[in-house]
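Student: Okay, here's the structure, questions in a sec.
The values are calculated or read from the model by the stated rules, or taken from the named source; none is laboratory data. Predicted model only: the values in this text are computed from it and were never measured. Cβ placement follows ideal geometry from the backbone for every residue including glycine, while neighbour counts extend to all protein chains displayed. SASA here: full protein model, heavy atoms, side chains in, ligands and nucleic acids out. Shrake-Rupley method; radii C 1.70, N 1.55, O 1.52, S 1.80 Å.
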Amino acid sequence: MCDGVNTLLLKDVRIVDADHQLVGDILIRDGSIWALGRKLPAPRGVPVLQGEGRTALPAFVDLHAHFRDPGFPEKEDLLSGARAAAHGGFTCVSLMPNTDPVCDSPEVARYMLERAREIGLVEVYPVGAITVDLRGEELSPLEALAPWVWAFSDDGKGVEDHELMLRACRKAAALERTVYPHCEFGGLADRGLSQELMVGRDLWLCRRTGCRLHLAHISTPGGLELVSLAKERGLPVSCEVTPHHLCLTREEGDYPVNPPLPERETREALVKALKGGTIDAIATDHAPHTPPDKAAGAPGISGIELAFSLLYTRLVAPGTISLPELSRYLSLGPARILGLRKGLIRVGYDADLVLFSDEEFTAGEDFFYSKSANTPLLGARLSGRVWATLHRGEVIYLDGAVKGRDFRDHREVIRGG
Ligand SMILES: [Zn+2]
């Protein structure tokens, strides 16, 4: 039946997703998972990618990344960001609006979508700004933005004006778009409390207006407690935590990031919450900065390329969470929030896959496809290294090379069956 067109057979892999594990093969056709099983026969002429015992996961979906394009090409652009995503095992990225110009108009969102399509590596899902120029003073043209964005956010700061936020939630509910707040009131020395207060307000606005709410980078147990209560009440709310809040602590080094890194006890509470149903997704908050910007105190971690390895090393390898649990947070949970048929290795799902090995490695400056290597993990010893990333059946990263001009000829690995 198969004629070798748009088909690929992944042989000899350990297949893991949020729901099941097996050892076998994956047959991909026309961008979808066509068959799964042990010792699938290789149809004539179909290329084979030998997994050699590596583990296949659904590719990762990042709800929260900053690709800095348009506006800050010295930090990142859509090409370098897409290459970094592919290297990190991500095939879908939701991009925050704090670009220059800000994504508060359909033109900017359309530019991101068109440029991403031209690049052809990963899928991009823009987030539109809640307020014009992220100034927190007047609403962006949400109706005009809605066809191009899945959510509205002023990520980087909270919308302090209650009346404005109420109107944003009402409009978003009518437009069937998600409100994606960065919860933090200014002017409070206790950063945790400032997050919890705004989480409480926004949950109440969600209850009042019926809008869908997705809360960015929750970093306090109190914030999670409020989300948990809201879920018990059946509110349409979801939330994310970042790899760095789950894996790093201030005691190890107070790397500037917003919200700030947790103390050890807080980190433990966040990790514990991964066992309950409160957290829906782990999102990287990939925030590339140049060395001068970082030296001047710009908060953020260039995180999309090491997110999986960090989580694997710190949480899965020691047995704190299982690999299926990690897969739920990196793939299935965020895919569901975006409404995608991705995030599981199932017949009929998109063939968005990651192959990784347990290999230990050290990430030096030359590891990164991102233009920025601002991360406290430079030089750290990690395991769980992405070996290949497939987007709709197409190999976009393989063993040290991202698809593009310098893509290594990989016919040694993929051969005619
Ligand atoms: Zn952010």
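Student: State whether the residues of region 134-145 include one that is under 28 Å from LYS342 (Cα atoms), within 16 Å of the ligand (Cβ to nearest atom), in contact (Cβ under 8 Å) with a residue 40 or more places away in the chain and out of contact with any Phe, Trp or Tyr (no Cβ under 6 Å at 6 or more places or on another chain).
Tutor: no
Student: Right, next: Might you let me know whether region 246-264 holds any residue that is modelled with pLDDT of 95 or more, on the phi > 0 side of the Ramachandran plot and assigned by TED's automatic domain parsing to the domain that holds MET165?
Tutor: no
Student: Residue check, LYS171 against (1) of a type in the set (D, E, K, R); (2) open to solvent by 10 Å² or more (accessible area, probe 1.4 Å); (3) within 16 Å of the ligand (Cβ to nearest atom), all met but one. Which one?
Tutor: (3)
Student: Filter region 298-318 down to the residues that are surrounded by fewer than 19 Cβ atoms within 10 Å (Cβ to Cβ) and within 16 Å of the ligand (Cβ to nearest atom), then identify the one that is farthest from ARG233 (Cα to Cα).
Tutor: ALA298
Student: Going by what's in this entry, would ARG117 be described as assigned by TED's automatic domain parsing to the domain that holds GLU196, open to solvent by 10 Å² or more (accessible area, probe 1.4 Å) and without any contact (Cβ under 8 Å) to a residue 12 or more places away in the chain? Spell out how you get there, then give the answer.
Tutor: Numbers: assigned by TED's automatic domain parsing to the domain that holds GLU196: yes; open to solvent by 10 Å² or more (accessible area, probe 1.4 Å): yes; without any contact (Cβ under 8 Å) to a residue 12 or more places away in the chain: yes.
For ARG117, the condition - assigned by TED's automatic domain parsing to the domain that holds GLU196, open to solvent by 10 Å² or more (accessible area, probe 1.4 Å) and without any contact (Cβ under 8 Å) to a residue 12 or more places away in the chain - is met.
Student: Determine whether region 173-189 contains at least one residue that is over 20 Å from the mean Cα position of the chain (by Cα), among the basic types (Lys, Arg) and in the same structural domain as PRO141 (by TED's automatic domain parsing). Steps first, answer last, please.
Tutor: Residues of region 173-189 that are over 20 Å from the mean Cα position of the chain (by Cα), as a first pass: 173-176, 184-189.
Add one more test, that the residue is among the basic types (Lys, Arg), and what stays is none.
No.
Student: Looking only at region 22-65, how many residues end up being in a strand (DSSP E or B) and touching a Ser or Thr at 6+ places or on another chain (Cβ under 9 Å)? Reasoning before the result, please.
Tutor: First pass over region 22-65, keeping only residues in a strand (DSSP E or B): 22-29, 32-37, 48-50, 55-58, 60-65.
This time we only want the ones that are touching a Ser or Thr at 6+ places or on another chain (Cβ under 9 Å), so: 27-29, 34, 55, 57-58, 60-65.
So the answer is 13.
Student: Is it the case that region 70-79 has a residue that's within 22 Å of the chain's Cα centre (by Cα) and outside the structural domain of HIS289 (by TED's automatic domain parsing)?
Tutor: No, every residue in region 70-79 fails to be within 22 Å of the chain's Cα centre (by Cα) and outside the structural domain of HIS289 (by TED's automatic domain parsing).
Student: Please work out which one of (1) open to solvent by 30 Å² or more (accessible area, probe 1.4 Å); (2) more than 28 Å from ALA401 (Cα to Cα); (3) without any contact (Cβ under 8 Å) to a residue 60 or more places away in the chain is the condition GLY156 fails and give its number.
Tutor: Here GLY156 meets the rest and fails (3).
Student: Same structure again: Does any residue of region 76-97 turn out to be crowded, with 24+ Cβ neighbours inside 10 Å, over 29 Å from VAL316 (Cα atoms), at pLDDT 95 or above and within 15 Å of the ligand (Cβ to nearest atom)?
Tutor: Yes, region 76-97 contains a residue that is crowded, with 24+ Cβ neighbours inside 10 Å, over 29 Å from VAL316 (Cα atoms), at pLDDT 95 or above and within 15 Å of the ligand (Cβ to nearest atom).
Student: Looking at region 13-31, which of its residues are open to solvent by less than 30 Å² (accessible area, probe 1.4 Å) and under 28 Å from VAL316 (Cβ atoms)?
Tutor: Taking region 13-31 first, the residues open to solvent by less than 30 Å² (accessible area, probe 1.4 Å) are 13, 15-18, 24-28, 31.
VAL13, ILE15, VAL16, ASP17, ALA18, GLY24, ASP25, ILE26, LEU27, ILE28 - these are the residues of region 13-31 that are open to solvent by less than 30 Å² (accessible area, probe 1.4 Å) and under 28 Å from VAL316 (Cβ atoms).
Student: Taking only pairs six or more apart or across chains, which ones have beta-carbon atoms under 7 Å, a first residue in region 286-311 that is farther than 12 Å from PHE67 by Cα, and a second residue that is more than 16 Å from the ligand (Cβ to nearest atom) and β-branched (Val, Ile, Thr)?
Tutor: PHE308/VAL386
Student: Give region 121-138 a look and list any residue that's open to solvent by 30 Å² or more (accessible area, probe 1.4 Å) and either of a type in the set (Gly, Ala, Ser) or closer than 30 Å to VAL402 by Cα (or both), or say none. I'd like the intermediate steps shown before the answer.
Tutor: Going through region 121-138, the residues open to solvent by 30 Å² or more (accessible area, probe 1.4 Å) turn out to be 125, 132-133, 135, 137-138.
Once the filter is applied, which keeps residues that are open to solvent by 30 Å² or more (accessible area, probe 1.4 Å) and either of a type in the set (Gly, Ala, Ser) or closer than 30 Å to VAL402 by Cα (or both), region 121-138 yields only TYR125.
Student: Does any residue of region 215-222 turn out to be more than 14 Å from PRO259 (Cβ to Cβ), without any contact (Cβ under 8 Å) to a residue 40 or more places away in the chain and more than 20 Å from the chain's Cα centre (by Cα)?
Tutor: Going through region 215-222, the residues more than 14 Å from PRO259 (Cβ to Cβ) turn out to be none.
Checked region 215-222: no residue is more than 14 Å from PRO259 (Cβ to Cβ), without any contact (Cβ under 8 Å) to a residue 40 or more places away in the chain and more than 20 Å from the chain's Cα centre (by Cα).
Student: Something else now. One residue is enough: does region 164-175 have a residue meeting the conditions closer than 21 Å to ASN98 by Cβ, touching a Cys at 6+ places or on another chain (Cβ under 6 Å) and modelled with pLDDT of 95 or more?
Tutor: yes
Student: Please pick out the residue among ARG38, ARG68, ARG54, ARG44 that is open to solvent by 10 Å² or more (accessible area, probe 1.4 Å), away from the ligand (no atom under 16 Å from the Cβ) and closer than 30 Å to ILE279 by Cα.
Tutor: Working: ARG38 fails: closer than 30 Å to ILE279 by Cα; ARG68 fails: away from the ligand (no atom under 16 Å from the Cβ); ARG44 fails: closer than 30 Å to ILE279 by Cα.
That would be ARG54, the only listed residue that is open to solvent by 10 Å² or more (accessible area, probe 1.4 Å), away from the ligand (no atom under 16 Å from the Cβ) and closer than 30 Å to ILE279 by Cα.
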